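Structure first, commentary second.
The values are calculated or read from the model by the stated rules, or taken from the named source; none is laboratory data. Nothing here was measured: the structure is a model prediction, and the numbers come from that model. So basically every Cβ, Gly included, is an ideal-geometry build from the backbone, and we count neighbours across all protein chains shown. Quick note on the areas: whole protein, heavy atoms, side chains included, nothing else; ligands and nucleic acids left out. Shrake-Rupley method; radii C 1.70, N 1.55, O 1.52, S 1.80 Å.
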Amino acid sequence: MEISNMEWPAYLDEYEKLVFRMTTPRVMIDNAGCSNSTRVMIDSARKHGILLEAVQVLTDLNLSIKKAYISSDGRWFMDVFHVTDLDGNKLTDESVISYIEQSLGTIHFASAKCIDGLTALELTGTDRIGLLSEVFAVLSELECNVVEAKVWTHNGRIASLIYVKERDSGSPIEDSEKIDTIEARLRNVLKGDNDIRSAKTSVSMAVTHTERRLHQMMFTDRDYERKPIIRTNDNPIVSVLNCLEKGYSVINIHCKDRPKLLFDIVCTMTDMQYIVFHATLNTAGDRVHSEFFIRHTDGSPISSDAEKQRVILCLKAAIERRASEGVRLELCTGDKQGLLADVTRTFRENGLNVTRAEISTTSDNTALNVFYVTDAIGNPADSKIIDAVRMKIGLSDLKVKELPSIYHQKAEENEEPTGGVGGAMLLSLGSIVRKNLYNLGLIKSFS
């Protein structure tokens, strides 16, 4: 972004213009420097949370971050991200590139995404088969239209953020008696027979980033302390070491690649009050290796074994919450009263458990919903049962979808630099970040 070309408001004096120039992030995007990814570089004054805000911009666009180099030098902050779309292609849409430049260039001043005219319902409790169908049935009965929702499950717990409005008026729900009724009814559903103490419901008009809020809800629910229901052979590997001579704690993470992985990791570190000073991330095929050099916000590294174990558990939980377990089913149909209650009831009647869900409604009143389903104990669902469910709901409306092709590719070839002035400039900027890490003794080479 070229600050020199912008028109300054008349009320700004020269000092205010200087401060604005110094604190406004500089963003460069290049398609020439790498053969198979787009490079996004941002340098800015450092502040707590800026890395999360930058990663959030990229992941909200469903971009895949294939490599990253992050370095804070004193009061300054530099990131280089190698990104593709979910099909593994470079970014070529100029409107997307322009949006990234604008969004990253204003992250110091950005506010949280606002979902206007909706009431947010926050639910946490013990997961069980059929729970979602009961939740949506209550909302339908109370004449609440579900416009958007996200549901995560992990270690036998469920967290959901549901955005609703009045069915008849289309307005947010503001009547205090109705709000009390909604909370009480949903709390009874969440309690079931066994979850009297930990089931929680709340109604909010506050503006928040949905996925960050889901992480916070599950963290508060302490899902990371609970034993997994189903153990797999692909658990993330997280280690923590202290680099005492540099005053950092070093976190290494090896796991399977998936969408929004870096966001989930950085989000958890930020909410646990840790600052990432330096980091690298590399993908090879469907695997990711990342390394983070962190300190607590008070400037200290991780100081005890108990804190170390807590960090490991919390990061593993953050990675696993969004892991796509089960068959991915996509529902695309005209929205109607009771649609979600009917669909999830069909899942329940056929012994399917929803492990994750993303609900959305378009401006033309089309429901676009994604469900990940397993059998009742978390194993892969039988294909005959999936077929029966699709027949019941509608073969043309409910379809089985695979993950984007990038997550089924064989190991990628190493990225080869290509020519071009822009590519050379971004290559140089990336080298600066890597050299900072090398000079601090945090990586073995910067070539």
Seminar exercise, completed: In the stretch 219-240, residues that are modelled with pLDDT under 95 and hydrophobic (A, V, I, L, M, F, W, C) total 2
Exercise. Could you say which residue among 159, 199, 137 is touching a strand residue (DSSP E or B) at 6+ places or on another chain (Cβ under 7 Å), farther than 16 Å from residue 119 by Cα, modelled with pLDDT of 95 or more and crowded, with 17+ Cβ neighbours inside 10 Å?
Worked result: 159
Problem set entry | Qualifying residues in the stretch 286-304 (those that are of a type in the set (S, T, N, Q) and outside any strand (DSSP E or B)) - the one farthest from residue 52 (Cα to Cα) | 304
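Can you spot a residue in the stretch 23-32 that is assigned to a strand (DSSP E or B), touching a helix residue (DSSP H, G or I) at 6+ places or on another chain (Cβ under 7 Å) and at pLDDT below 85?
Within the stretch 23-32, the subset assigned to a strand (DSSP E or B) is 26-30.
If we keep only those that are touching a helix residue (DSSP H, G or I) at 6+ places or on another chain (Cβ under 7 Å) too, we end up with 27-30.
Right, trim to at pLDDT below 85 and you get none.
No, the stretch 23-32 has no match at all.
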Exercise. Do you know which residues across the stretch 335-359 are among the polar types (S, T, N, Q), at pLDDT 95 or above and either in a loop (DSSP other than H, G, I, E, B) or open to solvent by 30 Å² or more (accessible area, probe 1.4 Å) (or both)?
Worked result: 350
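Report yes if residue 32 is over 26 Å from residue 258 (Cα atoms), over 22 Å from the mean Cα position of the chain (by Cα) and either open to solvent by 50 Å² or more (accessible area, probe 1.4 Å) or among the small types (Gly, Ala, Ser) (or both), otherwise no.
Numbers: over 26 Å from residue 258 (Cα atoms): no; over 22 Å from the mean Cα position of the chain (by Cα): yes; either open to solvent by 50 Å² or more (accessible area, probe 1.4 Å) or among the small types (Gly, Ala, Ser) (or both): yes.
So residue 32 does not fit the description; no.
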Exercise. Condition test on residue 234, is it under 30 Å from residue 375 (Cα atoms) and either touching a strand residue (DSSP E or B) at 6+ places or on another chain (Cβ under 7 Å) or buried (at least 16 other Cβ atoms within 10 Å of the Cβ) (or both)?
Worked result: yes
Exercise. Among the residues of the stretch 412-423, is any modelled with pLDDT under 95, outside any helix (DSSP H, G or I) and among the hydrophobic types (A, V, I, L, M, F, W, C)?
Worked result: no
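Quick grid of which residues meet (1) assigned to a loop (DSSP other than H, G, I, E, B); (2) more than 24 Å from residue 362 (Cβ to Cβ):
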{"position": "117", "(1), (2)": "yes, no"}
{"position": "120", "(1), (2)": "no, no"}
{"position": "124", "(1), (2)": "no, yes"}
{"position": "129", "(1), (2)": "yes, yes"}
{"position": "134", "(1), (2)": "no, yes"}
{"position": "138", "(1), (2)": "no, yes"}
{"position": "147", "(1), (2)": "no, no"}
{"position": "150", "(1), (2)": "no, no"}
{"position": "159", "(1), (2)": "no, yes"}
For this session: Out of 44, 37, report the one residue that is among the polar types (S, T, N, Q) and modelled with pLDDT under 85.
Result: 44
Problem set entry | Matching residues, the stretch 360-384, being under 17 Å from residue 322 (Cβ atoms), in a strand (DSSP E or B) and in contact with a Gly (Cβ under 9 Å, 6 or more places away or on another chain) | 371, 372, 373, 374
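What number of residues within the stretch 129-173 satisfy the criterion of being touching a Phe, Trp or Tyr at 6+ places or on another chain (Cβ under 6 Å), over 18 Å from residue 188 (Cα atoms) and of a type in the set (A, V, I, L, M)?
Narrowing the stretch 129-173 to residues touching a Phe, Trp or Tyr at 6+ places or on another chain (Cβ under 6 Å): 147-148, 159.
Adding the requirement that they be over 18 Å from residue 188 (Cα atoms) leaves 147-148.
Add one more test, that the residue is of a type in the set (A, V, I, L, M), and what stays is 147.
Final tally of qualifying residues: 1.
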Exercise. Taking residue 327, is it open to solvent by 20 Å² or more (accessible area, probe 1.4 Å), within 24 Å of residue 158 (Cβ to Cβ) and of a type in the set (Val, Ile, Thr)?
Worked result: yes
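Can you tell me which residues in the stretch 166-182 are of a type in the set (Asp, Glu) and either in contact with a helix residue (DSSP H, G or I) (Cβ under 7 Å, 6 or more places away or on another chain) or surrounded by 15 or more Cβ atoms within 10 Å (Cβ to Cβ) (or both)?
Initial filter on the stretch 166-182 (of a type in the set (Asp, Glu)): 166, 168, 174-175, 177, 180.
Matches in the stretch 166-182: 166 only.
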